[in-house]
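To start, the structure itself, in structure tokens.
The values are calculated or read from the model by the stated rules, or taken from the named source; none is laboratory data. Note that the coordinates shown come from a computational prediction; the quantities given were computed from them, not determined experimentally. Don't worry about glycine lacking a Cβ; one is built from the backbone with ideal geometry, like all the others, and counts go over all protein chains shown.
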Amino acid sequence: MIDIPLLIKITNIADLHKNDLVLEIGPGTGYLTRYLQKIAKKIFVIEKDSELLKELKEKFSDNKNITYLEGDATKLEFPEFTKCVSNLPYTICEPLMWRFTREKFEMLVFVVPLTFAESLTGKNPSRLKLLSDAFYDVEIIQKVGPESFYPKPKTESALIKILPKEGNFFLREFFIQYDKKTKNALREILIKSGMTKSESNEYISLRLKPSIQDKNIVNLSLIEIKEIIKLFAQ
């Protein structure tokens with residue numbers, strides 16, 4: 001991202017303060033990092049590419065408020081942070097939206113593909129829309145054209161702001177277990193609702209197809225999720 005007015009606007013939208021602990025995922029060559037580190041108390045940058053990470057360390061060698069983490073942001077344990085501000089690597093946008101269901105934060109400010117932003121906010125049903133409705137208030141701030149990047153991507157992007165919210169109880173309890181098998185997650189929810197373990201196992205086995213029971217939640221289709229909501233949400 002090389003668009004300086006856009007970089008400044010991202011920083012303004014994030015409403016950064018001197019006490020903020022900021023997570024940045026996929027900093028690349030550090031264009032956004034340069035603006036974040038001027039304000040925030042601490043910046044945690046997560047970069048998978050070791051060569052880029054080395055370049056960042058050299059570029060910001062005099063900056064004591066940056067901590068460098070090498071690895072996959074969908075798997076690394078996050079440090080404590082108040083805000084995440086990032087030009088996200090587009091291939092991990094959806095996995096990260098699942099990941100942030102388990103994190104405490106004040107705000108997320110991202111640049112993402114426009115189609116992804118519209119899936120989070122749109123009227124058409126989708127897995128992402130269900131996830132968004134359960135956990136996030138998402139606002140599209142503006143569209144971002146290819147000319148804001150080098151090299152230019154083939155798709156339009158969007159600047160979005162995300163705030164946490166309390167949504168549907170069942171969906172929150174279900175989705176937050178996204179890496180578990182469906183039957184195991186449902187059993188936990190039913191036990192919380194007052195059933196015994198054996199009662200919940202029987203309830204699930206009588207109502208849900210075995211092929212769905214054994215799928216991890218993150219791999220369920222929209223149709224399968226809707227079937228689960230119909231059978232269990234009440």
Q) Condition test on LYS83, is it buried (at least 20 other Cβ atoms within 10 Å of the Cβ), basic (Lys, Arg) and out of contact with any Lys or Arg (no Cβ under 8 Å at 6 or more places or on another chain)? A) yes
Q | Restricting segment 44-74 to residues that are among the charged types (D, E, K, R) and at pLDDT below 95, the residue that is farthest from TYR178 (Cα to Cα) | A | ASP62
(Q) Considering only residues that are at negative phi and at pLDDT 95 or above, which ones fall in segment 19-31? (A) ASN19, ASP20, LEU21, VAL22, LEU23, GLU24, ILE25, PRO27, TYR31
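Residues checked against (1) surrounded by fewer than 17 Cβ atoms within 10 Å (Cβ to Cβ); (2) more than 15 Å from VAL109 (Cβ to Cβ):
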{"site": "ILE10", "(1), (2)": "no, no"}
{"site": "LEU16", "(1), (2)": "no, no"}
{"site": "LEU23", "(1), (2)": "no, no"}
{"site": "GLY30", "(1), (2)": "no, yes"}
{"site": "ARG34", "(1), (2)": "yes, yes"}
{"site": "LYS42", "(1), (2)": "no, yes"}
{"site": "GLU47", "(1), (2)": "no, yes"}
**Q.** Breaking point among (1) in contact with a Pro (Cβ under 9 Å, 6 or more places away or on another chain); (2) surrounded by fewer than 13 Cβ atoms within 10 Å (Cβ to Cβ), for LYS192
**A.** (1)
Q: Would you confirm whether any residue within segment 176-185 is among the hydrophobic types (A, V, I, L, M, F, W, C), modelled with pLDDT of 95 or more and within 25 Å of THR91 (Cα to Cα)?
A: yes
Q) When VAL111 is evaluated against the numbered criteria (1) without any contact (Cβ under 8 Å) to a residue 12 or more places away in the chain; (2) not in a loop (DSSP other than H, G, I, E, B), which criterion, by number, is the only one it fails? A) (1)
(Q) Restricting to segment 49-67, name every residue that is surrounded by fewer than 17 Cβ atoms within 10 Å (Cβ to Cβ) and in contact (Cβ under 8 Å) with a residue 24 or more places away in the chain. (A) GLU55, LYS59, ASN63, ASN65, THR67
